[in-house]
1. Tell me, please, whether a residue that is under 21 Å from Y60 (Cβ atoms), free of Cβ contacts under 8 Å to residues at least 60 places away in the same chain and part of a loop (DSSP other than H, G, I, E, B) can be found in the stretch 33-44.
2. Hey, can you tell me all the residues within the stretch 1-30 that are among the acidic types (D, E) and under 13 Å from Q69 (Cβ atoms)?
3. Can you spot a residue in the stretch 45-57 that is modelled with pLDDT of 95 or more, loosely packed, with under 12 Cβ neighbours inside 10 Å and of a type in the set (F, W, Y)?
4. Tally time: how many residues in the stretch 23-32 are exposed (fewer than 13 other Cβ atoms within 10 Å of the Cβ) and either over 14 Å from the mean Cα position of the chain (by Cα) or part of a helix (DSSP H, G or I) (or both)?
Amino acid sequence: MSHISYGCDTELFKIEAPGDYQKESWQMNEEEKLNAIPGLHAEGNSLFHDKDYKAAADKYAMAIGILEQLMLV
């Protein structure tokens, strides 16, 4: 009988304490999603003001995505 060995490499990028990172929308409850939208909007406005249009569009898209998720609930 031959033995088969499988290996797996894992790389740890960063350790963060709970609450020290921004949750992804799928991790948020409804209240957290509602509270996140104004912040994303404000960040988008700031980036737009700084002429970083791509980053601003990304923030606005995140806010719209959360709104769409809330509409499905």
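The values are calculated or read from the model by the stated rules, or taken from the named source; none is laboratory data. The model shown is predicted, which means the values in this text are computed figures rather than measured ones. So basically every Cβ, Gly included, is an ideal-geometry build from the backbone, and we count neighbours across all protein chains shown.
1. no
2. Within the stretch 1-30, E24, E30 meet the criteria.
3. Scanning the stretch 45-57 turns up at least one residue that is modelled with pLDDT of 95 or more, loosely packed, with under 12 Cβ neighbours inside 10 Å and of a type in the set (F, W, Y).
4. Of the residues in that region, 5 qualify.
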